[in-house]
1. Would you say residue 165 is charged (D, E, K, R), at pLDDT below 90 and under 18 Å from the mean Cα position of the chain (by Cα)?
2. If you scan segment 128-154, which residues turn out to be buried (at least 24 other Cβ atoms within 10 Å of the Cβ) and more than 25 Å from the chain's Cα centre (by Cα)?
3. Just to be sure I understand, how many residues within segment 282-333 are surrounded by 21 or more Cβ atoms within 10 Å (Cβ to Cβ) and either under 19 Å from residue 123 (Cα atoms) or among the β-branched types (Val, Ile, Thr) (or both)?
4. Can you tell which of 25, 52 is in a helix (DSSP H, G or I) and at pLDDT below 70?
5. Please enumerate the residues belonging to segment 78-127 that are among the small types (Gly, Ala, Ser), part of a helix (DSSP H, G or I) and either surrounded by 15 or more Cβ atoms within 10 Å (Cβ to Cβ) or in contact with a strand residue (DSSP E or B) (Cβ under 7 Å, 6 or more places away or on another chain) (or both).
6. Could you list, ordered by first residue, the pairs with Cβ atoms under 7 Å in which the first is in segment 248-271 and assigned to a helix (DSSP H, G or I) and small (Gly, Ala, Ser) and the second is surrounded by fewer than 19 Cβ atoms within 10 Å (Cβ to Cβ) and at pLDDT 85 or above, at least 6 apart or interchain?
7. Take the residues in segment 430-466 that are assigned to a helix (DSSP H, G or I) and of a type in the set (S, T, N, Q); name whichever of them is modelled with the lowest pLDDT.
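The values are calculated or read from the model by the stated rules, or taken from the named source; none is laboratory data. For clarity, every value in this text was computed on a predicted model and none was experimentally measured. Here Cβ is always computed from backbone atoms with ideal geometry, including for glycine, and neighbour counts include all displayed protein chains.
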Amino acid sequence: MSEIITESTSLWRLTKNVIKLGIPAILAEITSVIMQYIDAAMVGSLGKEGTAAIGLVSTSTWLIGGLCISAAMGFSVQVAHLIGAGKEAEARNVLRQSLIVSVFFGVILSAAAALLSGILPEWLGGEEKILRDASAYFFIFALTLPFEQLRMVSAQMLQCSGNIKTPSMLNIVLCLLDVIFNFFFIFPTRTVTLPLLGTEFTAIGAGLGVKGAALGTSLSEVTISLAMTFFLLFRSEKLSLRHGGSWKLRRKCISNALRISLPAAFEHTATCGAYVAATKIIAPLGSTAIAANSLAVTAESFCYMPGYGTGTAATTLIGQSIGAKRQDLAKKYAFITIAVGTGIMTAAAVLMYFAAPWMFSLLTSSAEVRQLGVKVLRIEAFAEPLYAASIVCSGVLRGAGDTLAPSIINLVSMWGVRIVLSLILVSGMGLIGIWLAMAIELCCRGILMLIRTINGKWLNRRYISS
């Protein structure tokens, strides 16, 4: 019997399972945040235009990344249910089908994004001086999308099989490689001083600036994508190719995948589409506002990444519990993960509020960007507890295959609350008004997600392929 599917329903035993699965994912997310800080500081040293160029298209990269996650989710949720039900042979068949579909989808997405790269920054309303760098950054990102899709599906498959540690560790290495590659690609050849060692050395560099940041990210993505896929196909205890299986595409599996993925893709499109719309609202405010917004999002990730780590654990716990027809376990796991995720993010929000000036001092040398960024980040701190609830609840519902309701909640919340309020408040309050709208929207979303989770209708959702 799986450790997740246990006869014991004691609060302590179930909490231990949550912590065991959650800690590697949380540590990976926190490490990712630290690396993002370093990454942002590297680009920020080029000036606010470099930060603004990447910030202008960042919401569009999130949108496309969300589509990759959704495509993988349609298959990984089925795998979690099948493993929970003890149908590992069928789970391996689903894995094979997911690889075929994912590679095809990644290539199509890459081609579409590459074609849009030339016109996207101008359409978003960016200033003339940042358009070229923003376009180049997005084009390089587009070329790497097949590998990003492969990494997403491999990571989700490993996680849903109960192996949180391997994808978490590889994602940490992904961030480390990103920083290392950036070190060589962003800056020109220069003399680097190491004060603690009392020495200096000549660091070879390509001096590519924003393009170098894109290349660094892309090379690290390709490397870890191949490593993640290798571990899934040749080292996974339950899903390895050595166990045998069929590569034939089956109608029921694809149908189930679409039933899960399409609402999730709609959710990500609605959410990230709102991010893109918000970027278009922010762009006329100038490079200072774009840079402050981009860096504030990076700084805020210190809070919400632990929530995503807990949500990842929730998806595995809920998926396997429902597959085993243990709705009692699924319900208990849901409330434990929500409590854990909310507690961690609330504590992080308090720390973020007081540490905001120091955080921005690490990210940029521009005084005006720092001043504005600290103000908006402190507004967001008050929304973090309910933001945590929305993140973990989404992980719970995702594990159950209930992706339609969250997509509707996100659509109404993002477009009906955040964008409407942003349009109202931006004229009088600028970027501060936009972040105030964001904080209000996150609280509304958290409440709606909690209501959906508490009513328990998701407990009867099952998407087991045969």
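1. Judged against the criteria, residue 165 is a match.
2. The answer is 130, and nothing else.
3. Qualifying residue count for the region: 16.
4. Values: 52 fails: at pLDDT below 70.
Unique residue meeting the criteria: 25.
5. Of all residues in segment 78-127, those among the small types (Gly, Ala, Ser) come to 80, 84-86, 89, 91, 98, 102, 106, 110-114, 117-118, 125-126.
Still in the list and also part of a helix (DSSP H, G or I): 80, 84, 89, 91, 98, 102, 106, 110-114.
Passing the criteria: 80, 84, 91, 98, 102, 106, 110, 113, 114.
6. 270/411; 270/415
7. Looking only at segment 430-466, we keep the residues that are assigned to a helix (DSSP H, G or I), and these are 431-455, 457-460.
Then drop every residue that is not of a type in the set (S, T, N, Q), which leaves 453, 455, 460.
Working: 453: 92, 455: 87, 460: 74.
Ranking the qualifying residues of segment 430-466, first place goes to 460.
Let's see how each residue does on (1) polar (S, T, N, Q); (2) in contact (Cβ under 8 Å) with a residue 12 or more places away in the chain; (3) in a helix (DSSP H, G or I):
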| residue | (1), (2), (3) |
| --- | --- |
| 130 | no, yes, yes |
| 134 | no, yes, yes |
| 138 | no, yes, yes |
| 142 | no, yes, yes |
| 154 | yes, yes, yes |
| 159 | yes, yes, yes |
| 162 | no, yes, no |
| 166 | yes, yes, yes |
| 175 | no, yes, yes |
